[in-house]
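The values are calculated or read from the model by the stated rules, or taken from the named source; none is laboratory data. Since we're looking at a predicted model, the values are computed, not measured. Note that each Cβ is placed from the backbone with ideal geometry, even for glycine, and that neighbours are counted across all protein chains shown.
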Amino acid sequence: MRIPYFHVDAFASKVFGGNPAGVCPLERWLPDELLREIAAENNLSETAFFVRREDYFDLRWFTPTMEVDLCGHATLASAFVLFNELAHPGQSIRFKSQSGWLCAERRRDVIELDFPSRPPVPCEAPEPLIRSLGHKPREILKSRDYVVVFDSEAEIAALKPDFDLLAKLECLGVIVTARGKNVDFVSRFFAPAAGVLEDPVTGSSHCSLIPFWAERLGKREMLAHQVSRRGGELRCRLLGDRVAIGGQAIVYCRGQLDVVSGN
């Protein structure tokens, strides 16, 4: 069995930036174990798989170790492949996912994702979380992930987490964030329990960051930067109970996977 494969750098305008994602268009769903094996073999933070339906696409995402309920950069990468490699007509695409309906809309050189808003709420911080980060935060909240707020971008950039401790927390990942110097806010995202020590650019974390910073800054439109080694820029809008996350993408390579279903 040969599966088309695209390696896409999402939230980037040139290769070697943003967050790399694998994208696999499928004619039908393959066994879950095979999808996990493909994602593990790709060894990227996420590999996206989609199947075309009549007027939408089923979409799923896998890290090297598990399936996740929502992934922004691999959704952006999938939409980019559909628009630019597979000649999808029109300016918008609908995806059906574990997190409900998602939409991707082409806006000139940017693709904007319509995702659910996940506002974080204040919580009691588990002691291992603070120890793992090695620096006392201003406050801690939680939605799907812990949201840990610091005073400055410099503090965010300087963090050197203890990933063994982070992996023991009962959550998918940990978002650290602060106001930015040249953008509205910055962040980093750690998810060692999901097989991703640090994600280069994380769309799904902005489902929590956008409503949080919109309230704090009194703004509905913001520019964000994820200050990982590769880095990435995200154009953010709060849309009531939804968020819009915009970015660019570029294909690094095109090829095919030779796999055998059922092994």
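Points to keep in mind about this one:
- Pairs with Cβ under 6 Å, 6+ apart, first in the stretch 190-202 and in contact (Cβ under 8 Å) with a residue 12 or more places away in the chain, second among the basic types (Lys, Arg): Pro200/Arg230
- On the stretch given as the stretch 12-25, residues that are buried (at least 17 other Cβ atoms within 10 Å of the Cβ) and out of contact with any helix residue (DSSP H, G or I) (no Cβ under 6 Å at 6 or more places or on another chain) total 6.
- Pro161 satisfies every condition listed in (1) surrounded by 18 or more Cβ atoms within 10 Å (Cβ to Cβ); (2) under 19 Å from the mean Cα position of the chain (by Cα) except (2).
- Taking (1) modelled with pLDDT of 95 or more; (2) within 23 Å of Gly195 (Cα to Cα) in turn, Lys96 satisfies each apart from (2).
- Any hit, the stretch 172-190, residues being more than 21 Å from Arg220 (Cα to Cα), surrounded by fewer than 21 Cβ atoms within 10 Å (Cβ to Cβ) and touching a Cys at 6+ places or on another chain (Cβ under 8 Å): no
- Close pairs from the stretch 123-137: first in contact (Cβ under 8 Å) with a residue 40 or more places away in the chain, partner hydroxyl-bearing (Ser, Thr, Tyr), Cβ under 9 Å, at least 6 apart: Pro126/Tyr146; Leu129/Tyr146
Conditions tested, residue by residue: (1) among the small types (Gly, Ala, Ser); (2) in contact with a Ser or Thr (Cβ under 6 Å, 6 or more places away or on another chain).
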residue: Ile111; (1), (2): no, no
residue: Cys123; (1), (2): no, no
residue: Ile175; (1), (2): no, yes
residue: Arg179; (1), (2): no, no
residue: Phe189; (1), (2): no, yes
residue: Ala193; (1), (2): yes, no
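- Within the stretch 1-59, considering residues that are of a type in the set (S, T, N, Q) and in a strand (DSSP E or B), the one farthest from the chain's Cα centre (by Cα): Thr47
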